[in-house]
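Asker: Quick one: structure below, then a few questions.
The values are calculated or read from the model by the stated rules, or taken from the named source; none is laboratory data. Quantities reported herein were computed from a predicted structural model and do not represent experimental measurements. Heads up, the Cβs are rebuilt from the backbone with ideal geometry, glycines too, and the neighbour counts pull from every protein chain shown.
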């Protein structure tokens, strides 16, 4: 490629004087200023041209053969127009065009399919140049330009002049007069028209395009339409970080960077973190991991649903880790307000516009992400593609927060559970890497101890520690009981672990204010030691304190309430929980055996009654009702399954519903009995009636 020479015509000619003043010297040295005016004209026009391009097949090479090489990709090849920019504050005549002709000719003689364009901002003297730019060549002016080309030909005998055709060459050149002063406005107009930018901060987009263009010019880079779109989307994304899009506070990009830091607490029975995954600590569960990978590949939404301790979070994080070359891993930590879902959708829409493929984790379904179903419905409408979602949920939380998933177009539910075959594989893999405790002699002896619940967390702990989590917790509690800080530690553990198995976390500030006063201990040191002993976890921002894992918390709660009334702890936790958490908190209360439920709930009402704000009571009633119904269902699951097999579950559920009795009008809904009267010999109906009589009445509290 021939080098391109930029020439700047000196527009102020000062006579050199022996007695020149500083001011006159300053004014005479304006060559740099003139050059910069020319470059800024080229720069602004390059920005403008890029923003007017709306077709995928258009690209630009800035500072290519000419100032701008405009490329249109076509089926039969590329159509390339070489554009040269010229700016001047003085009137130009035909002599000006000689260098431009020469540059164009050098390219034309190599490839005669190329086109050329001169974009200029200067006034034109009447004569040959004026006629050329206006495409009004007469015989005289045509002869002038032929002579100009002859002179160039004499200067360049090595160029391929064979079969040169003047008319064909001239026809390949077009001209555009555009004022430099208008380009700034044209940039803004193009953004509005082609990119729907109509906000007050449009200058941010203009400046971003300028910096983008400058970088491409400096590196002589090819610019595609998607590059321009990405540049604009990045500005939108940066703007969204302000008050206009609070979703940045609820969404975090997960970092799976490998660290030399040793996570000694991983095998203590806690939830996995991205750092654990990156360091290769979790066991490999080939079958279930492949099932989840296939699900993510096939479906937009993959739901991992099981009881606590089956490794749901670990499986979800490992999936994100494995797929991070294809997908960008994100986690949504909060989406419980339907009014704010649009901000989350806009966030991920911007990421997909930038070419990212987000793989979004919603971990541990609870009240904090209760609007997940609505969010996914909005995502599938407004984002549509290039993202996937993984949701993890406990069975009880799924009952409370799943919603109607029939409106989710592409969803798959996976239920991981530890099987005997998988237990054998885990044992063998741990044995290979030396993680089996000396007390464990075979997989079979370990499996028999956990076979009733089949919890992965219990099995892994047993293999690596040689004892059950319950036994370890018991030993820890006995050791704490021997210390002078036992009272305050037990008080903290009762509240924190009870909240943990109820699916909520406690505010550090509220906990400290609630603890017994005048203890004579440094609470900061107490909490630090409890964290070091793998009893509790404190959030990175020091705002919350939680249990290490619900399974561990369950054993701690059982041990610490052997003689201490659990309803006292439940009452204390209602004072520590936020109202937004009442629904999930109260949904777990029916799981516990309170000595006097009516007294407990009366005590809660008397403490929290506020006629001016009944939100807490609405949440509490909703949670208590849903938890009672779930408990009732689980206790009578075999009978309900039997009714389902006999195609009568819906009718049976309606008949036993306590709200199907209308005492005011002396009416009861007794559908099965009415059908039995019509078909007295129907064995299926009689079987369902028998089930109805065997199912006890529900007690809401």
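Asker: Residue 607 fails exactly one of the following numbered conditions: (1) at pLDDT below 90; (2) surrounded by 12 or more Cβ atoms within 10 Å (Cβ to Cβ); (3) under 25 Å from residue 512 (Cα atoms). What is the number of that condition?
Answerer: Of everything listed in (1) at pLDDT below 90; (2) surrounded by 12 or more Cβ atoms within 10 Å (Cβ to Cβ); (3) under 25 Å from residue 512 (Cα atoms), residue 607 misses just condition (2).
Asker: Still on this structure, please answer the following. Do the conditions hold for residue 107, that is, is it under 54 Å from the mean Cα position of the chain (by Cα) and closer than 28 Å to residue 57 by Cβ?
Answerer: Judged against the criteria, residue 107 is a match.
Asker: Got a sec? Which of 405, 424 is at pLDDT 90 or above, out of contact with any strand residue (DSSP E or B) (no Cβ under 7 Å at 6 or more places or on another chain) and either surrounded by fewer than 21 Cβ atoms within 10 Å (Cβ to Cβ) or not assigned by TED's automatic domain parsing to the domain that holds residue 365 (or both)? Please lay out each step first, then the result.
Answerer: Numbers: 405 fails: out of contact with any strand residue (DSSP E or B) (no Cβ under 7 Å at 6 or more places or on another chain).
Result of the check over 405, 424: 424.
Asker: Let me ask something else about it. How many residues does the range 56-68 contain that are over 38 Å from the mean Cα position of the chain (by Cα) and closer than 16 Å to residue 43 by Cβ? Explain how you work it out, then say what you get.
Answerer: The first filter runs over the range 56-68 and keeps only residues over 38 Å from the mean Cα position of the chain (by Cα), leaving 64-67.
Subset that is closer than 16 Å to residue 43 by Cβ: 64, 66-67.
Summing the residues that are over 38 Å from the mean Cα position of the chain (by Cα) and closer than 16 Å to residue 43 by Cβ in the range 56-68 gives 3.
Asker: Ok, one more. Specify which of the listed residues (623, 648) is more than 18 Å from residue 694 (Cβ to Cβ), surrounded by 15 or more Cβ atoms within 10 Å (Cβ to Cβ) and touching a helix residue (DSSP H, G or I) at 6+ places or on another chain (Cβ under 8 Å). Let's see the steps before the verdict.
Answerer: On the way: 648 fails: more than 18 Å from residue 694 (Cβ to Cβ).
The match here is 623.
Asker: Counting only residues that are over 26 Å from residue 545 (Cα atoms), give me the helices (runs of 4 or more DSSP H) lying completely in the range 565-654 with at least 1 of them. Steps first, answer last, please.
Answerer: Values: elements: 566-576, 582-588, 597-608, 615-635, 637-645.
Of the helices (runs of 4 or more DSSP H) lying wholly inside the range 565-654, those with at least 1 residues that are over 26 Å from residue 545 (Cα atoms) span 597-608, 615-635, 637-645.
Asker: Looking for whichever is exposed (fewer than 11 other Cβ atoms within 10 Å of the Cβ), within 30 Å of residue 596 (Cα to Cα) and over 51 Å from the mean Cα position of the chain (by Cα) here; the options are 697, 663. Which one fits?
Answerer: On the way: 697 fails: over 51 Å from the mean Cα position of the chain (by Cα).
The unique qualifying residue is 663.
Asker: Working only within the range 521-556, note down all residues that are over 19 Å from residue 308 (Cβ atoms), under 31 Å from the mean Cα position of the chain (by Cα), modelled with pLDDT under 85 and surrounded by 14 or more Cβ atoms within 10 Å (Cβ to Cβ). Give the derivation first.
Answerer: Residues of the range 521-556 over 19 Å from residue 308 (Cβ atoms): 521-533, 538-543.
Pick out the ones that are also under 31 Å from the mean Cα position of the chain (by Cα) and you get 531, 538-543.
Filter once more, keeping what is modelled with pLDDT under 85: 531, 539-542.
The one that is over 19 Å from residue 308 (Cβ atoms), under 31 Å from the mean Cα position of the chain (by Cα), modelled with pLDDT under 85 and surrounded by 14 or more Cβ atoms within 10 Å (Cβ to Cβ): 531.
Asker: Then there's this: Could you list all residues from the range 369-400 that are in contact with a helix residue (DSSP H, G or I) (Cβ under 8 Å, 6 or more places away or on another chain), farther than 17 Å from residue 305 by Cβ and assigned to a helix (DSSP H, G or I)?
Answerer: Residues satisfying the conditions are 374, 375, 377, 378, 379, 382.
Asker: A further question follows. Going by what's in this entry, would residue 190 be described as modelled with pLDDT of 85 or more, more than 19 Å from residue 355 (Cα to Cα) and surrounded by 12 or more Cβ atoms within 10 Å (Cβ to Cβ)?
Answerer: Values: modelled with pLDDT of 85 or more: yes; more than 19 Å from residue 355 (Cα to Cα): yes; surrounded by 12 or more Cβ atoms within 10 Å (Cβ to Cβ): yes.
Taking the combined requirement at face value, the residue satisfies it.
Asker: Moving to a separate point now. How many residues are out of contact with any strand residue (DSSP E or B) (no Cβ under 8 Å at 6 or more places or on another chain) and either within 23 Å of residue 61 (Cα to Cα) or touching a residue at least 24 places away in the same chain (Cβ under 8 Å) (or both) if we restrict to the range 200-235? So that I can check it myself, show each step before the final result.
Answerer: Filtering the range 200-235 for residues out of contact with any strand residue (DSSP E or B) (no Cβ under 8 Å at 6 or more places or on another chain) gives 200-212, 214-215, 218-219, 226-235.
The next check asks that each one be either within 23 Å of residue 61 (Cα to Cα) or touching a residue at least 24 places away in the same chain (Cβ under 8 Å) (or both); those that pass are 201, 204-212, 214-215, 218-219, 226-235.
Residues in the range 200-235 being out of contact with any strand residue (DSSP E or B) (no Cβ under 8 Å at 6 or more places or on another chain) and either within 23 Å of residue 61 (Cα to Cα) or touching a residue at least 24 places away in the same chain (Cβ under 8 Å) (or both): 24 in total.
Asker: In this structure, does residue 331 turn out to be in a loop (DSSP other than H, G, I, E, B) and either modelled with pLDDT of 85 or more or touching a helix residue (DSSP H, G or I) at 6+ places or on another chain (Cβ under 6 Å) (or both)?
Answerer: Considered against the rule, which asks whether it is in a loop (DSSP other than H, G, I, E, B) and either modelled with pLDDT of 85 or more or touching a helix residue (DSSP H, G or I) at 6+ places or on another chain (Cβ under 6 Å) (or both), residue 331 comes out as no.
Asker: With surrounded by 15 or more Cβ atoms within 10 Å (Cβ to Cβ) and more than 41 Å from the chain's Cα centre (by Cα) as the only criterion, which of 440, 436, 450 stands out?
Answerer: Of 440, 436, 450, the one residue that is surrounded by 15 or more Cβ atoms within 10 Å (Cβ to Cβ) and more than 41 Å from the chain's Cα centre (by Cα) is 440.
Asker: Would you pick out the residues in the range 329-341 that are over 23 Å from residue 548 (Cα atoms) and surrounded by fewer than 20 Cβ atoms within 10 Å (Cβ to Cβ)? Write out each step before concluding.
Answerer: Of all residues in the range 329-341, those over 23 Å from residue 548 (Cα atoms) come to 329, 335-341.
Passing the criteria: 336, 337, 338, 339, 340.
Asker: Across the range 279-324, which residue is surrounded by the most Cβ atoms within 10 Å (Cβ to Cβ) among those that are assigned to a loop (DSSP other than H, G, I, E, B) and within 15 Å of the chain's Cα centre (by Cα)?
Answerer: Taking the range 279-324 first, the residues assigned to a loop (DSSP other than H, G, I, E, B) are 279-285, 299-300, 306-311, 323-324.
Within this subset, residues satisfying the condition of being within 15 Å of the chain's Cα centre (by Cα) are 300, 323-324.
Values: 300: 19, 323: 17, 324: 14.
Checked the range 279-324; the qualifying residue surrounded by the most Cβ atoms within 10 Å (Cβ to Cβ) is 300.
Asker: Considering only residues that are out of contact with any strand residue (DSSP E or B) (no Cβ under 9 Å at 6 or more places or on another chain) and without any contact (Cβ under 8 Å) to a residue 24 or more places away in the chain, which ones fall in the range 40-76?
Answerer: If the condition is that a residue be out of contact with any strand residue (DSSP E or B) (no Cβ under 9 Å at 6 or more places or on another chain) and without any contact (Cβ under 8 Å) to a residue 24 or more places away in the chain, then 74, 75, 76 are the ones that fit.
Asker: Considering only the range 464-548, give the helices (runs of 4 or more DSSP H) lying wholly within it that have at least 1 residues that are closer than 23 Å to residue 586 by Cα, touching a helix residue (DSSP H, G or I) at 6+ places or on another chain (Cβ under 7 Å) and not assigned by TED's automatic domain parsing to the domain that holds residue 433.
Answerer: Values: elements: 469-481, 486-501, 508-514, 523-532.
It comes to 486-501, 508-514.
Asker: Yes or no: residue 562 modelled with pLDDT of 90 or more and either assigned to a loop (DSSP other than H, G, I, E, B) or under 20 Å from residue 313 (Cα atoms) (or both)? Walk me through how you get there before you give the answer.
Answerer: On the way: modelled with pLDDT of 90 or more: yes; either assigned to a loop (DSSP other than H, G, I, E, B) or under 20 Å from residue 313 (Cα atoms) (or both): yes.
Yes: the conditions hold for residue 562.
Asker: Scanning for something surrounded by 12 or more Cβ atoms within 10 Å (Cβ to Cβ) and assigned to a strand (DSSP E or B), does the range 21-37 turn up at least one residue?
Answerer: no
Asker: Can you tell me which condition residue 395 does not meet? The list is (1) surrounded by fewer than 16 Cβ atoms within 10 Å (Cβ to Cβ); (2) at pLDDT 90 or above; (3) assigned by TED's automatic domain parsing to the domain that holds residue 319, and all the others hold.
Answerer: All conditions pass for residue 395, except number (2).
Asker: Then there's this: Taking the condition exposed (fewer than 14 other Cβ atoms within 10 Å of the Cβ), in contact (Cβ under 8 Å) with a residue 12 or more places away in the chain, assigned by TED's automatic domain parsing to the domain that holds residue 37 and not in a strand (DSSP E or B), does residue 146 pass?
Answerer: Details: exposed (fewer than 14 other Cβ atoms within 10 Å of the Cβ): yes; in contact (Cβ under 8 Å) with a residue 12 or more places away in the chain: yes; assigned by TED's automatic domain parsing to the domain that holds residue 37: yes; not in a strand (DSSP E or B): yes.
Considered against the rule, which asks whether it is exposed (fewer than 14 other Cβ atoms within 10 Å of the Cβ), in contact (Cβ under 8 Å) with a residue 12 or more places away in the chain, assigned by TED's automatic domain parsing to the domain that holds residue 37 and not in a strand (DSSP E or B), residue 146 comes out as yes.
Asker: Continuing with this model, one more query. Scan 239, 170, 192, 152 and give me the residue that is touching a helix residue (DSSP H, G or I) at 6+ places or on another chain (Cβ under 6 Å) and outside any strand (DSSP E or B). Quick ask: steps written out before the conclusion?
Answerer: Values: 239 fails: touching a helix residue (DSSP H, G or I) at 6+ places or on another chain (Cβ under 6 Å); 170 fails: touching a helix residue (DSSP H, G or I) at 6+ places or on another chain (Cβ under 6 Å); 192 fails: touching a helix residue (DSSP H, G or I) at 6+ places or on another chain (Cβ under 6 Å).
Answer to the check: 152.
Asker: For the range 655-696, enumerate the residues that are closer than 25 Å to residue 630 by Cβ, modelled with pLDDT under 85 and part of a loop (DSSP other than H, G, I, E, B).
Answerer: 669
Asker: If I filter the range 70-98 down to residues being surrounded by 15 or more Cβ atoms within 10 Å (Cβ to Cβ) and outside any strand (DSSP E or B), which single residue comes out as nearest to the chain's Cα centre (by Cα)?
Answerer: 88
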